[in-house]
Amino acid sequence: MSNAEQNFATQSITLPIGLKIKDKLYQKMIIREEFVEDMEKVEREDKVPAYMSINFRKHLYARCIVKVEGFEGFVTPSMLSTLKRRDWNYLTDQFDKLGDEGKPESKAE
């Protein structure tokens, strides 16, 4: 875990419709803020260039979804492909808000 990830902000969200995994919808999840390191890994490891915005975001979000309530396992970009547009827009908004807020770095006293 990188130094940045030790101080990451998380948020619990509820999708309006839900993420479909194996014929079941899951609405509640915990997301964490994105880091530049995550973006680099999407480009380097997943081989998805940043200019491919929707595909890039699917890979990035899959890395930053910490937990889906009621589901054991990792979220994959292909799972996020099944989201309805309303859920995709909501998820994007929540990641944007979380990134804007962030968690302030610890300050030395």
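The values are calculated or read from the model by the stated rules, or taken from the named source; none is laboratory data. Values in this document were obtained by computation on a predicted structure and should not be read as measured data. Quick reminder, even Gly has a Cβ in these numbers, built from the backbone with ideal geometry, and neighbours come from all protein chains shown. All accessible areas refer to the heavy atoms of the entire protein, side chains included, with ligands and DNA or RNA removed. Shrake-Rupley method; radii C 1.70, N 1.55, O 1.52, S 1.80 Å.
Brief remarks on what is shown
- Filtering the stretch 35-56 to residues that are among the hydrophobic types (A, V, I, L, M, F, W, C) and within 15 Å of the chain's Cα centre (by Cα) leaves F35, V36, M39, V42, I54, F56.
- Count of residues meeting criterion [open to solvent by less than 60 Å² (accessible area, probe 1.4 Å), free of Cβ contacts under 8 Å to residues at least 24 places away in the same chain and over 15 Å from K28 (Cα atoms)] in the stretch 70-91: 1
- When D23 is tested against (1) surrounded by 15 or more Cβ atoms within 10 Å (Cβ to Cβ); (2) over 15 Å from F95 (Cβ atoms), just one condition goes unmet, and that condition is (1).
- Residue match in the stretch 60-69 (condition: open to solvent by 60 Å² or more (accessible area, probe 1.4 Å), more than 13 Å from the chain's Cα centre (by Cα) and not aliphatic (A, V, I, L, M)): yes
- Filter result for R32 (charged (D, E, K, R), under 10 Å from the mean Cα position of the chain (by Cα) and open to solvent by 70 Å² or more (accessible area, probe 1.4 Å)): no
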